[in-house]
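A.B. asks: Can you read through this structure? Questions will come right after.
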Number of protein chains: 2
Amino acid sequence: MAQQDRAVRTRQELIRSAAEVFGRGGFADSSVSQICTRAGVSHGALHFHFRNKQALGEAVEAAAARTLLHVTGHVPPGHPEPLQLLVDTSHALVARLSRDPLLRAGFGLGSDAAWRGGALLARQWQDWVRLTLTVARRQGSLAADVVLDDAVQAVTAVVAGFEVLGRDDARWYARRAVTSFWRLTLPQLAAEAVRARTVAAGSSALASRDAEPALDDAWPTAR
Amino acid sequence: MAQQDRAVRTRQELIRSAAEVFGRGGFADSSVSQICTRAGVSHGALHFHFRNKQALGEAVEAAAARTLLHVTGHVPPGHPEPLQLLVDTSHALVARLSRDPLLRAGFGLGSDAAWRGGALLARQWQDWVRLTLTVARRQGSLAADVVLDDAVQAVTAVVAGFEVLGRDDARWYARRAVTSFWRLTLPQLAAEAVRARTVAAGSSALASRDAEPALDDAWPTAR
């Protein structure tokens, strides 16, 4: 392996290990030594890549933000079924949370009182929800009496709730839980024309998304 | 002041200070010294009341659980409007979160990776929601096609979401945010007979609840 490849892999392994250590003990309680041990990397090698624990936290957050972007995709201004896309993406996001310590760590940092970086991932999710619902409104997929802000807030909050509850009890990451929310809200949210065909449990397009490989630069698959 | 009164007040002040220190920096990053300084209490006095930081965490959680019980009340098997009670109580809980560092710290510990006590408050809230919705079903206030678990999960998750998002941005604690969720779900949740009279923004009974004093043993008012 070329030296540069090895450096890239070491960096990725350090980010992955930091995410796991932060996720188990919180940012404040995690030490650079624990992260080195978990990654099988010397202190010297760690400091070659990261100045300190804060820099590792920033790298975890940035990698998690890329994963989130990978899960959501960019907001498609001409998507034919923006409401179904929102439902499918909420399922894909919660499913990804259940199996991806890096993504969990990214959301976790945002609500960790010891982390000074702010809630980057929650805001990125909220922005995506708002833009997608704006597309839905423009295309007539939202019921006329739905206030856009209501829908944005409810969808953002419920996914944040699944994330935080799932930390203590993984059943909150089950597809059933996300489906519950949509069964309750879709009849109100969806315009008459799309109500019958919008599937609370996720459309068939969701199955293929679940199988997508992880983002390469955030989560190396060939290990 | 009698010596016993003073001991009770010192204990309460230590719990209050611990909640504030945990809330600002997380459990792991909080030191017993910080808590002593904030409470204006010597190390000796702290150790008279609490063996260590873990014991302080348990006391914070127990006091927050009492506050939560104070906010929800016991589930009233014969309540005339259980669905409105659920709406009002969710508003009261989020409002209380916005102004009560002790209650926030109790929920916060449940999702703090460094805390080993489990998510006591989230489960207490979920149990209350489940029992209240069970009463609603029995009395015919829930629409017939609503699956009880769907409603329990959605209501539990969205309030957990407001709690975790509000840590970074207090606008999530605004009544408007909670109302958003109910506007989207009540039309689906409520039986025809109660739909029109169930108020998403909270009933007039809510106003009097907001003004209730805090629970004395958790949060001394005469300071």
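The values are calculated or read from the model by the stated rules, or taken from the named source; none is laboratory data. Computed from a predicted structure; not experimentally measured. No Cβ is skipped: glycine too gets one built from the backbone with ideal geometry, and neighbour counts run over all protein chains shown. For the accessible areas, the whole protein counts, side chains as well, though only heavy atoms, and no ligand, DNA or RNA atoms are used. Shrake-Rupley method; radii C 1.70, N 1.55, O 1.52, S 1.80 Å.
A.B. asks: Run the dipole for the protein assembly as shown about the Cα centre, Lys and Arg Cβ at +1, Asp and Glu Cβ at -1, nothing else charged, and hand back the magnitude in debye, nearest 20. Before the final figure, lay out the partial values.
C.D. replies: Numbers: 52 positive and 44 negative charges, 94 e Å.
Approximately 460 debye in magnitude.
A.B. asks: So, one more: Residues of A:112-121, mean number of Cβ from any other protein chain within 10 Å of their own Cβ, rounded to a whole number?
C.D. replies: 5
A.B. asks: Kindly give the distances from A:GLY40 to its copy-mates, label point to label point, with each label point 7 Å from Cα along Cα→Cβ, as nm values to one decimal ordered shortest first.
C.D. replies: A:GLY40 label point versus its equivalents elsewhere: 5.7 nm.
A.B. asks: Separate question: What are the distances, in nm and sorted shortest first, from the label point of A:PRO77 to the label points of the same position in each other copy, with each label point placed 7 Å from Cα along the Cα-to-Cβ direction?
C.D. replies: Computed spacing set for this position: 6.1 nm.
A.B. asks: Now for a different question. Relative contact order (percent) for chain A, with alpha-carbon contacts under 8 angstrom and 6 or more residues of separation? Intermediate results must be reported in sequence, preceding the final value.
C.D. replies: Details: 261 pairs, mean separation 54.5, N = 223.
About 24 percent, as a whole number.
A.B. asks: If each DSSP helix of 4+ residues adds -39,500 (n - 2.57) and the sum is divided by the residues in chain A, what number results at 222 nm, nearest 500 deg cm²/dmol? Numbers along the way, then the final one.
C.D. replies: Details: 11 runs with 154 residues, N = 223.
Theoretical 222 nm ellipticity from helices: -22500 deg cm²/dmol.
A.B. asks: In addition: Can you pull out the buried accessible area for chains A and B, both sides counted, probe 1.4 Å, rounded to the nearest 100 Å²? Spell out each step's value before the answer.
C.D. replies: Working: alone 11060 and 11080 Å², together 18830 Å².
Chains A and B together bury roughly 3300 Å² of accessible area.
A.B. asks: Something else: Pop out the carbon and sulfur fraction of the accessible area of the protein assembly as shown as a percent, whole number, probe 1.4 Å. Let's see the in-between values first.
C.D. replies: Numbers: 10010 of 18830 Å².
Answer for the protein assembly as shown is 53 percent, counting heavy atoms of protein chains only.
A.B. asks: Order A:57-63, B:41-47, A:70-76 from most to least packed using the mean count of other Cβ atoms within 10 Å.
C.D. replies: Numbers: A:57-63: 22.0, B:41-47: 14.6, A:70-76: 16.3.
So the peptides A:57-63, B:41-47, A:70-76, ranked by packing, come out A:57-63, A:70-76, B:41-47.
A.B. asks: Specify the inter-centroid distance of the stretch B:23-44 and the stretch A:92-158, based on alpha-carbon positions, in whole Å.
C.D. replies: 34 Å
A.B. asks: A follow-up question, please. Work from the charge dipole of the stretch B:61-210 (Cβ charges, +1 for Lys and Arg, -1 for Asp and Glu, about the Cα centre) and give the residue of B:PHE181, B:ALA63, B:LEU109 farthest towards its positive end.
C.D. replies: Farthest towards the positive end: B:ALA63.
A.B. asks: Okay, moving on. With the other protein chains left in place, how much accessible area per residue, in square angstrom, belongs to the stretch B:119-201 at a 1.4 angstrom probe? Please report the intermediate quantities before stating the final value.
C.D. replies: Numbers: 3230 Å² over 83 residues.
For the stretch B:119-201, the per-residue accessible area is 39 Å².
A.B. asks: If amide H atoms are built 1.01 Å from N in the plane of the peptide, which residues on other chains or at least 5 residues away come under 5 Å of the amide H of A:LEU142?
C.D. replies: Under 5 Å from the amide H of A:LEU142 lie the amide H atoms of A:ARG137, A:ALA191, each far enough along the sequence or on another chain.
A.B. asks: While we're looking at this one, here's another question. Rounded to two decimals, what is the ratio between the C-alpha radius of gyration of the stretch B:61-210 and 2.2 N^0.38 Å?
C.D. replies: Values: Rg = 14.8 Å, N = 150, 2.2 N^0.38 = 14.8 Å.
So the stretch B:61-210 has a normalised radius of gyration of 1.00.
A.B. asks: Length gain on complete extension for the stretch B:ALA174 to B:SER33, per 0.36 nm per residue less the alpha carbon to alpha carbon distance?
C.D. replies: Values: separation 141, 0.36 × 141 = 50.76 nm, distance 3.41 nm.
Result: 47.4 nm gained on full extension.
A.B. asks: Continuing with this model, one more query. Please turn the phi angles of the stretch A:182-196 into ³J(HN,Hα) values with the Karplus equation 6.51 cos²θ - 1.76 cosθ + 1.60 (θ = phi - 60°), one per residue in order, whole Hz, x for glycine and proline.
C.D. replies: For the stretch A:182-196, the Karplus-derived couplings read 5, 4, 6, 9, 4, x, 8, 7, 7, 5, 2, 5, 10, 4, 5 Hz, x marking Gly and Pro.
A.B. asks: For B:GLN3 and B:ARG51, what does the FRET efficiency come to when R0 = 22 Å and r is the distance between their Cβ atoms, rounded to the nearest 0.05? Each step should come with its number before you reach the end.
C.D. replies: Details: r = 21 Å, r/R0 = 0.97.
The pair B:GLN3/B:ARG51 has a calculated efficiency of 0.55.
A.B. asks: On each of the three principal axes of the Cα atoms of the protein assembly as shown, give max minus min coordinate, whole Å, ordered largest first.
C.D. replies: Its Cα atoms span 76, 61, 29 Å along the three principal axes.
A.B. asks: Residues of the stretch A:130-168 that become at least 30 Å² less accessible with every protein chain present than in their own chain isolated, using 1.4 Å: which are they?
C.D. replies: Checking the loss per residue gives A:ASP150, A:GLN153, A:ALA154, A:ALA157, A:VAL158, A:ALA160, A:VAL164, A:LEU165, A:ARG167, A:ASP168.
A.B. asks: Shifting gears a bit: What are the nm distances, shortest first, from B:ASP127 to its equivalents in the other copies, labels at 7 Å along Cα→Cβ?
C.D. replies: Those separations, rounded to one decimal, come out as 4.2 nm.
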